[in-house]
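Encoded as structure tokens, the structure appears first; notes follow it.
Values quoted throughout were computed directly from the atomic coordinates according to the rules given, and no laboratory measurement underlies them. Source: prediction; values computed, not measured. When we count neighbours, we look across all protein chains shown, and the Cβ atoms used for this are built from the backbone with ideal geometry, even at glycine.
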Amino acid sequence: MRLEEKKVVHNIMSRSFPLVQRWFFSFTPHVLVAEQNGQLLGAIVLKLVPLCRNRKGGLIYWVFTAPEARGMGAGQRLI
């Protein structure tokens with residue numbers, strides 16, 4: 001995610017989860033976005049966690065798409 005996309009991603013999250021985003025949502029350094037024709041459709045927020053043998057894994061914190069983009073496969077492609 002580019003810095004200028006942060007407000008748009010937060011707006012999509014707010015529309016996707018209006019009741020919980022205020023208390024639980026936060027960005028991590030690992031956010032991937034889905035976009036089509038320059039328009040952001042959704043995002044996945046990941047947290048890296050240490051594994052054995054100096055390896056890292058990722059936990060999915062949030063996956064969300066804009067309501068108008070649902071059914072387009074953006075969430076599936078993010079995962």
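One table, with the values for the structure above:
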item	result
Members of the stretch 17-39 that are under 19 Å from GLU68 (Cα atoms), in contact with a helix residue (DSSP H, G or I) (Cβ under 7 Å, 6 or more places away or on another chain) and not in a strand (DSSP E or B)	GLN21
Positions within the stretch 49-79 being touching a residue at least 12 places away in the same chain (Cβ under 8 Å), surrounded by 11 or more Cβ atoms within 10 Å (Cβ to Cβ) and not in a helix (DSSP H, G or I), in sequence order	GLY58, LEU59, ILE60, TYR61, TRP62, VAL63, PHE64, THR65, ALA66, MET72
Flag for GLY38 being surrounded by fewer than 12 Cβ atoms within 10 Å (Cβ to Cβ), on the phi > 0 side of the Ramachandran plot and not polar (S, T, N, Q)	yes
